[in-house]
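**Q** Below: one structure in structure tokens.
The values are calculated or read from the model by the stated rules, or taken from the named source; none is laboratory data. This structure is a prediction, so every number in the text was calculated from the model and none was measured. Note: ideal-geometry Cβ built from the backbone for every residue, glycine included; neighbour counts use all protein chains shown. Heavy atoms of the whole protein, side chains included, go into the accessibility calculation; ligands, DNA and RNA do not. Shrake-Rupley method; radii C 1.70, N 1.55, O 1.52, S 1.80 Å.
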Amino acid sequence: MQIYNTMTKKKEEFIPIEPGKVRMYVCGPTVYNLIHIGNARPMIFFDTVRRYMTYKGLEVNYVSNFTDVDDKIIKKANEEGTTSEVISQRYIEECKKDMAAMNILPATTHPLATQEIDGMLDMIDTLIKKDYAYPAVDGTVYYRTRKFMDYGKLSHKNLDDLRSGERQLKVSGENQKDDPLDFVLWKPKKEGEPSWKSPWCDGRPGWHIECSVMSKKYLGESIDIHGGGEDLVFPHHENEIAQSEAASGHSFANYWMHNAFLNINNHKMSKSAGNFFTVRDIVDKYDGQVLRLFMLSAHYRTPLNFSDDLMESAKASYDRICTCVSNLTFLLGGDRAAELTDDEKNLLEESKKYRQNYEKAMDDDFNTADAISAIFDLVRFINSNVNESSSKVFLEELKKEIVELADILGLIVDRVEELGDEEIEKLIEERQAARKNKDFARADEIRAELLEKGIVLEDTREGVKWKKA
Ligand code: AMP
Ligand code: ZN
């Protein structure tokens, strides 16, 4: 498996530290609002990395944090007249709902910054003892950036370039820094902010320290993969490296993976720019599965522009795969020959090439776009080779194949199994109501929707009956 490493700017063969096991840390969202679909890009992509590695037989320990102490959370809490904890808990719950809607598996651990303060105090103390950090008079603790000789190795910046951009790095208490490049590890509390006791002052951590600490606690001092969006390369990940490597004396992460942005009109989608759509809105409009297919339809290191046209085309693609599977389900519902014919044996042998192509694409730095093409090749193959006289085993094998290849990408294409009885009854009720209101277009739409998911409706004198096709 080849992985593009931001650190070396090359694709490298993936060799885990411990054979058969993967330690992966991905920076998670700051929880002060519903997440937007830009935030969903790393979530969907790294969930897919995890699923694929698991499929390849690796045991993945996947850690992704929630940043639950931050200026934006505090601001929102003050606006609502409540605490940061109420705000962050609310949006963690909402984020988990969105993750479920996009079929993102919960990480092995989702640590919260506020639960890891002791570890942060320990690491800051170690850094001070090693002279990589120092407290200023007001109790702010700074990292001594210049002392870390490798600073800039991930973002490929050198310290002199950074000096010219240092104005961007200015924060309150600037004049107390030994050097403008130094960054905050701990800062004094302000009125109305959550705070913790520390040897330097009552206060709260800077943002960067949490990931170094959580990664060490849940995965160890050296990990295999560290990921996030490309905006995190500098300064966040550069600072994480400086903190972790200075504290432990070991290399922090072997492979640094960064997804490109999800854009709107070629501008990064972000809350601050106001050009965002929430996952909630898009899932309601299109379905979480369609959003997932859309995200994976481009390679993760390519910028992806969001548009209704592209979502419509993702919807059509998704429906095509589901229709192929429901067709197989439908055929399997009838009386079929039990034995494979010789012809079918050959066809099954031939169909193996789609999985090979799929794996080749995924092994090449997770080329999900090409993996999806391999699934479509398989759809075409199935559509042109199955019919009423296909044997049961032939249909079953092909169905298993396509469902599994989609499942590794987190795509659920066997919608019949997914629809619960209650959901079916609800749709039937909605159809009855539409018919009563003479909204026949909607009634037909529901019938078609159910049929696509393998549910056949029968209007009888006793009412509507349904069965699985
Ligand atoms: P934040 O809540 O801003 O810290 O972001 C959480 C994660 O989402 C980080 O990995 C970011 O890099 C990523 N992210 C935020 N906006 C975008 C975007 N427009 N496209 C891709 N990734 C993004
Ligand atoms: Zn982080």
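**Q** Taking the Cα centre of the chain as the origin and placing charges on Cβ (Lys, Arg +1; Asp, Glu -1), which of Leu58, Phe366, Phe277 is farthest toward the positive end of the dipole?
**A** With unit charges placed on the Cβ atoms, the residue in question is Phe277.
**Q** Same structure, new question: Using +1 at the C-beta of Lys and Arg and -1 at the C-beta of Asp and Glu, which of Gly333, Leu181, Leu296 has the Cα lying farthest in the positive direction of the dipole of the chain?
**A** Farthest along the dipole direction, towards plus: Leu181.
**Q** How high is the FRET efficiency between Asp407 and Met149 when r is their beta carbon distance and R₀ equals 45 Å, given to the nearest 0.05?
**A** On the way: r = 46 Å, r/R0 = 1.02.
With R0 = 45 Å, the Cβ-Cβ based efficiency is 0.45.
**Q** Something else: What order do you get for 357-366, 234-243 when each peptide is scored by the mean count of other beta carbon atoms within 10 Å, highest first?
**A** 234-243, 357-366
**Q** Oh, and also: Would you tell me the accessible area of Val60, worked out with a 1.4 angstrom probe on the heavy atoms of the protein chains, in Å² to the nearest 10?
**A** 20 Å²
**Q** Roughly how many nanometres apart are two label points built 7 Å out from the Cα toward the Cβ at Asp309 and Lys400?
**A** If labels sit at Asp309 and Lys400, their model points lie 4.2 nm apart.
**Q** Can I ask one more? Assign unit charges at the C-beta atoms only (+1 for Lys and Arg, -1 for Asp and Glu), then state the dipole size of the chain relative to its Cα centre in Debye, rounded to the nearest 20.
**A** Taking the Cα centre of the chain as origin, the dipole is about 800 debye.
**Q** Send over a whole-number figure in Å² for the accessible area per residue of the chain, probe 1.4 Å.
**A** Accessible area per residue: 47 Å².
**Q** How do Val31, Val464 rank by accessible surface area computed with a 1.4 Å probe, from largest to smallest?
**A** Per-residue accessible area, sorted high to low, gives Val464, Val31.
**Q** Further question: Largest first, what is the accessible-area ranking of Phe66, Phe276 with a 1.4 Å probe?
**A** Ranked from most to least accessible, the order is Phe276, Phe66.
**Q** Can you tell me how segment 100-167 classifies by the Cα gyration tensor, rounded, prolate or oblate, using a/c under 1.5 as the rounded cut?
**A** Oblate, since a/c reaches 1.5 and b/c is not below a/b.
**Q** If you don't mind, another one. Nothing charged except the Cβ atoms of Lys and Arg (+1) and of Asp and Glu (-1): what's the magnitude of the dipole of segment 421-468 about its Cα centre? Round to the nearest 20 debye.
**A** With only Lys, Arg, Asp and Glu charged at Cβ, the dipole is about 220 debye.
**Q** What does the accessible area of Thr126 come to, in Å² to the nearest 10, when a probe of 1.4 Å is used?
**A** Only protein atoms counted, so the area is about 50 Å².
**Q** Right, another one. Would you mind pulling out the separation of the Cα centroids of segment 279-299 and segment 453-469, in Å?
**A** 30 Å
**Q** With runs of 4+ DSSP H residues as the only contributors, calculate the mean residue ellipticity of the chain at 222 nm using -39,500 (n - 2.57) per run, divided by the residue total and rounded to the nearest 500.
**A** Only helices count here, giving -15000 deg cm²/dmol.
**Q** Under 19 Å from a label point 7 Å along Cα→Cβ of Asp71: give me every residue in segment 189-214 with its amide N that close.
**A** 189-196, 203-211
**Q** Give me the one-decimal nm value for the distance between modelled label points at Lys467 and Asp342, 7 Å along each residue's Cα-to-Cβ direction.
**A** Using points 7 Å along Cα→Cβ, the separation is 3.7 nm.
**Q** Under 19 Å from the Cα of Lys438, which lysines turn up, not counting those fewer than eight places away in the same chain?
**A** Cα-Cα hits under 19 Å: Lys426.
**Q** Take Asp131 and Lys217, extend 7 Å from each Cα along the Cα→Cβ direction, and tell me the distance between the two endpoints in nm.
**A** Each label point is offset 7 Å from its Cα along the Cβ direction, giving 3.0 nm.
**Q** Moving on. Report the gain in length on full extension from Thr460 to Asn158: 0.36 nm times residue separation, minus Cα-Cα distance, nm rounded to one decimal.
**A** Stretched fully, the Thr460-Asn158 segment lengthens by 101.1 nm.
**Q** Oh, and also: Below 14 Å, Cα to Cα, which aspartates and glutamates can Lys75 reach? Residues fewer than 8 away in the same chain don't count.
**A** List returned: Glu85, Glu191, Glu193.
**Q** I've got another one for you. Please give the Cα centre distance for segment 417-445 versus segment 358-384, rounded to the nearest Å.
**A** If you average the Cα positions of each part, the centres end up 35 Å apart.
**Q** Now, a different point. Over the chain, what percent of the accessible surface lies on carbon and sulfur atoms, probe 1.4 Å?
**A** Accessible surface attributable to carbon and sulfur in the chain totals 48 percent.
**Q** Compute, for Glu230, the solvent-accessible surface of its heavy atoms (probe 1.4 Å) with the complete set of protein chains present, and express it in square angstrom to the nearest 10.
**A** The accessible area comes out at roughly 80 Å².
**Q** Right, another one. Keeping all protein chains in place and using 1.4 angstrom, which order do Ser215, Ser155 fall into by accessible surface area, from largest down?
**A** Correct descending sequence by accessible area is Ser155, Ser215.
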